[in-house]
Amino acid sequence: MSHILWRRIALGIMAGVLLAGGLSACTTTTSADRESRMSQREQLDQDVQQTLDRLYRSVPASRALADRAEGVLVFPGVLGASFIVGASHGDGLLLVDGAKTGYYTTTSGSIGFQAGAQSQAVIYMLMTEKALNRVRSDNGWSIGASAGVAVADIGANGQITNDTANQEVVAFVMNNQGIQGGVSLNGAKISKASP
């Protein structure tokens, strides 16, 4: 089979998965569903705090960066799974001046011959009002389309390099082993979660 045919098949599969997920969301919400969502959000709030605590322990200078940021968007568990079609999804929370201001989702998809699943935390430090407004937009934010994101470059001494710290958006990616470098977040779509 040609490379183009594989891509079309993969895109068809991805579209089917997204459509099925969208249709399942069109059902009537019951009180049990609302309670379940509240419980999930409480767990997410705890996970966000644990993720930030872990980041601050791993990279102490990140706390000062967060204090200077207009907002901090935390996705404590972005789960990626792939087999020919790769996709990732995660739920997160936007903090402004340390206060919860909204829930968000991140999704991305890619095509390639890869297999496996992994989870990682992604923290975006929104250093300007423009970056914060981009995240808050009703249209969502596609990373790479409107503005790039600098994935934090951590020096040998554990400090954030000046090139990274002076960017509009600084991202930290962590897995169980610690801070990840050389990661591209382009193509990720960040959207407001339904209330």
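The values are calculated or read from the model by the stated rules, or taken from the named source; none is laboratory data. Because the structure is predicted, anything quoted here is derived from the model rather than measured. Backbone-built Cβ (ideal geometry, glycine too); neighbour counts: all protein chains shown.
Which residue out of GLY158, GLY148 is within 18 Å of LEU65 (Cβ to Cβ), surrounded by fewer than 17 Cβ atoms within 10 Å (Cβ to Cβ), in contact with a Pro (Cβ under 8 Å, 6 or more places away or on another chain) and modelled with pLDDT under 75? Step through it out loud before you land on a result.
Working: GLY148 fails: in contact with a Pro (Cβ under 8 Å, 6 or more places away or on another chain).
None of the others qualify; the one that does is GLY158.
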query: Would you say ARG41 is within 17 Å of ILE179 (Cα to Cα), at pLDDT 85 or above and in a helix (DSSP H, G or I)?
result: no
- request: Specify which of the listed residues (VAL48, VAL72, VAL78) is within 15 Å of the chain's Cα centre (by Cα), under 27 Å from LYS130 (Cβ atoms) and modelled with pLDDT under 90.
  value: VAL78
